[in-house]
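Working notes, beginning with the structure itself.
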Amino acid sequence: MDTFPKAEARARALRQELAHHNHRYYVLDAPEISDSQYDKLMRELQGLEEQYPQLVTPDSPTQRVGGAAVEDFGQVVHTTQMLSLANIFDDAGLTEFDERIRKLTGLSQVGYVCEPKLDGLAISLRFEDGRFVQGATRGDGTTGEDVTGNLRTIKSLPLELFPQDGVKVPRRLEVRGEVFIRKEDFRKLNEKREEAGEALFANPRNAAAGSLRQLDPRETAARPLSVYLYECVPGDGVPAFKTHTEKLEYLRTLTLPINRYQHADGADGVRQRYDESLKGRHALPFEVDGMVVKVDDEDLRRRLGQVSKSPRWAVAYKFPPEEESTTVEDIGIQVGRTGALTPVAHLKPVKVGGVTVSRATLHNEDELRRKNVRKGDTVFVRRAGDVIPEIVSVVLSKRPEDSQPFTFPTHCPVCGAVAAKDEDGAIIRCTGASCPAQLVEKVRHFASRIAMDIEGLGDKLAMQLVTSGQVKTFADLFALTRDSLLKLERMGEKSADNLLASIEGSKATTQRRFLYSLGIRHVGDSTARALAEAFPDVKSLFTASLEDISRVKDVGPVMAQVIHTFFQEPQNQAAIQALLDAGVHPAPPAVATGGPFVGKTVVLTGTMERLAREQAKEEIERRGGKVSGSVSRKTDFVVAGEDAGTKLKKAQELGVRILDEQAFLKLLEGDARA
Ligand code: IVH
């Protein structure tokens, strides 16, 4: 047993080390150690804190999982008002903004800083002696809500500052910034919600707002929030800055997450930046709704002051919205794998931001009512989060006279069973235990690329197999014969043989894929991976306790309950046993401890001949690497297949190591830790 002073010193060292690696991973996107090495440090700290509970502080990295729930958020009065920005929409607005500043200051040219205008929620954070002590929403600008507990769960936010370059920790620091969700994280979050049969978020902004205002911080911890800071209030021990640039760079040395920004000389410089950002907006990993233009010189800013609630020294130059109008040809109901009935608007195809949109989800009954969409309506559609197009509004003046409100079905349109509201009241679900629509979706999911990867088993075939009665459970797939397949409409001998071969091939799978393919509510690919690591043998899940399951990485209490119930259910146990009896063999995950991919960030681009994108990703992850969607200075390798485009170019510009398919395969083979 360690003595207390020794444990205390070690805990402090571990916190600093963990803060450093956290910053490398979440802010710089350049990890120096593998996830498992990080987990080891974390476990050591947890061990010390268990031994000496007095070592547990609210800003310990062990506390990011979320503290106790609150009944209500407390109020926080901001020490200085949180301002908002005036908007401009066109070049004339910019000219006016710049002219006013030049007139007021008597300067012939003003130096500006341009920042992406993040579409999230403004927050204010207080640090005392380098520790994060309080965070609040903007509220009305004077008083906001205390969301400290929720902000602590944001991984890119340091809970304790360990400045670089010998900079001193300020006694009191108050910084302002934006909480948001990255596009990729948003996609995954919605995917998870779909898995769980929960209502989808319409866009990253709504998802971020909803997540930050959860009363239970453990819920917030499960949401992938990010934060960037962009302003700082004068404070005890905070230097007086000459420029905004200096301020941002100071915040950066304190290890706070700072977004990209650019300088611009005068209105002409800003014009150029605006055109560039407008073109580049889709390539950014987060949603932006404009560009913020700020006077760089802090002294000028003080002289310019503010009018009502907006500063004169800054403005939000908005991007034109990506909206188009079209008509609703019909409203249909989709039945998902978990039985959720989702209303979908079928639209007259229209191009929005370069993509043709012909369907828009209406999420659920409440949303449908709120938006008041009807068949025949003229509507505005917007592409949100680059993923699901949504209906923004209805042009009521153009509504046909004979239009009727949509009546939500009381029964499943596919199997006729009663449709009932969920516990949380948002989703209406088909209650039919043997609803073919659900079974079709389950089979399609089971066979999908990142599940069992049965090539050739898509939507149509899944439907045929279910409706012909050949497939009632997953195991039935493995009993299919050439003769039975040939009875299906439009099934040729060649296709039947190919399908059988691909079913046969799918038997040699991994535990991760297998667990994912079962289609358990809440269990997406990343949870399946964590579960597979904790339970390499599927049957060990039959006897696992709720506590055992709760201990798995990223598995929250609700998820643990669903997973536990699933594996306790005799029908599910029998279905899994039947799959194993049919020869399905899920291999346990291998643990990587060394090799060329450990702790490395890899970007895949272009098409590879021998490996599908998902397979390549799996191989890299199995070897302790991480696959990222965009190239930065922090990328270790870019694997470029055929027709690689901008990512390859960027890698060349940045001097990132580039591998072609052959070199990549060689590296994989040389490290055959499979
Ligand atoms: S500066 C006084 N910079 O836009 C300046 N705001 O009304 C205060 N926003 O409430 C804001 N990106 O939530 C600033 N780079 C950025 C921003 C930004 C997004 C938000 C912020 C603010 C709103 C404007």
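Below is a table of values for the structure above.
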item	result
Whichever residue in the stretch 221-230 is more than 16 Å from the ligand (Cβ to nearest atom) and part of a loop (DSSP other than H, G, I, E, B) and, among such residues, is farthest from Q81 (Cα to Cα)	A222
Residues of the stretch 446-487 satisfying the condition of being closer than 23 Å to E195 by Cα, assigned to a loop (DSSP other than H, G, I, E, B) and not hydroxyl-bearing (S, T, Y)	R449, I450, A451, M452, D453, I454, E455, G456, L457, G458, V471, K472
Close pairs from the stretch 536-565: first under 15 Å from H522 (Cα atoms), partner part of a helix (DSSP H, G or I) and of a type in the set (K, R), Cβ under 8 Å, at least 6 apart	G556/R218; P557/R218
Matching residues, the stretch 329-340, being touching a residue at least 60 places away in the same chain (Cβ under 8 Å) and on the phi < 0 side of the Ramachandran plot	I331, I333, V335, G336, R337, T338, A340
The stretch 1-59, residues that are free of Cβ contacts under 8 Å to residues at least 40 places away in the same chain, charged (D, E, K, R) and over 30 Å from K600 (Cα atoms)	K6, E49, E50
Whichever residue in the stretch 231-242 is away from the ligand (no atom under 12 Å from the Cβ) and free of Cβ contacts under 8 Å to residues at least 60 places away in the same chain and, among such residues, is surrounded by the most Cβ atoms within 10 Å (Cβ to Cβ)	F241
The listed residue being assigned to a loop (DSSP other than H, G, I, E, B), out of contact with any Gly (no Cβ under 7 Å at 6 or more places or on another chain) and among the acidic types (D, E), out of D275, D236, D289	D236
Of residues in the stretch 458-504 being hydrophobic (A, V, I, L, M, F, W, C) and in contact with a Pro (Cβ under 9 Å, 6 or more places away or on another chain), the one nearest to L580 (Cα to Cα)	V466
Unmet requirement for A208, which otherwise passes all of (1) in contact with a helix residue (DSSP H, G or I) (Cβ under 6 Å, 6 or more places away or on another chain); (2) assigned to a helix (DSSP H, G or I)	(1)
Any hit, the stretch 253-270, residues being in a helix (DSSP H, G or I), farther than 30 Å from K553 by Cβ and either within 16 Å of the ligand (Cβ to nearest atom) or under 19 Å from the mean Cα position of the chain (by Cα) (or both)	yes
Among (1) among the hydroxyl-bearing types (S, T, Y); (2) more than 16 Å from the ligand (Cβ to nearest atom); (3) at pLDDT below 95, the one test that T95 misses	(3)
Check on R100, basic (K, R), within 24 Å of D289 (Cβ to Cβ) and more than 14 Å from the ligand (Cβ to nearest atom)	yes
Matching residues in the stretch 631-670 - criterion: being surrounded by fewer than 18 Cβ atoms within 10 Å (Cβ to Cβ) and either in a loop (DSSP other than H, G, I, E, B) or of a type in the set (G, A, S) (or both)	S632, R633, K634, D643, G645, G655, A663, G670
R383 basic (K, R) and touching a Gly at 6+ places or on another chain (Cβ under 9 Å)	yes
Residue selected from the stretch 188-205 under the condition assigned to a helix (DSSP H, G or I) and either in contact (Cβ under 8 Å) with a residue 40 or more places away in the chain or among the acidic types (D, E) (or both), by the criterion nearest to the ligand (Cβ to nearest atom)	R205
Sole exception among (1) farther than 30 Å from D146 by Cβ; (2) more than 29 Å from the chain's Cα centre (by Cα) for I33, by number	(2)
Which listed residue, of T338, T327, is farther than 26 Å from D119 by Cα and either part of a loop (DSSP other than H, G, I, E, B) or touching a Pro at 6+ places or on another chain (Cβ under 6 Å) (or both)	T338
The stretch 271-324, residues that are small (G, A, S) and more than 10 Å from the ligand (Cβ to nearest atom)	S277, G280, A283, G305, S308
Looking only at the stretch 171-187, and only at residues there that are more than 9 Å from the ligand (Cβ to nearest atom) and over 19 Å from the mean Cα position of the chain (by Cα), the one that is nearest to L229 (Cα to Cα)	V175
Checking T62 against (1) of a type outside the set (G, A, S); (2) assigned to a helix (DSSP H, G or I); (3) under 26 Å from Y250 (Cβ atoms); (4) away from the ligand (no atom under 16 Å from the Cβ), the condition it does not meet	(3)
Residue selected from the stretch 111-139 under the condition more than 28 Å from the chain's Cα centre (by Cα) and either more than 11 Å from the ligand (Cβ to nearest atom) or free of Cβ contacts under 8 Å to residues at least 12 places away in the same chain (or both), by the criterion surrounded by the most Cβ atoms within 10 Å (Cβ to Cβ)	Y112
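The values are calculated or read from the model by the stated rules, or taken from the named source; none is laboratory data. Since the structure is predicted, the reported quantities are computational estimates derived from the model, not experimental observations. Backbone-built Cβ (ideal geometry, glycine too); neighbour counts: all protein chains shown.
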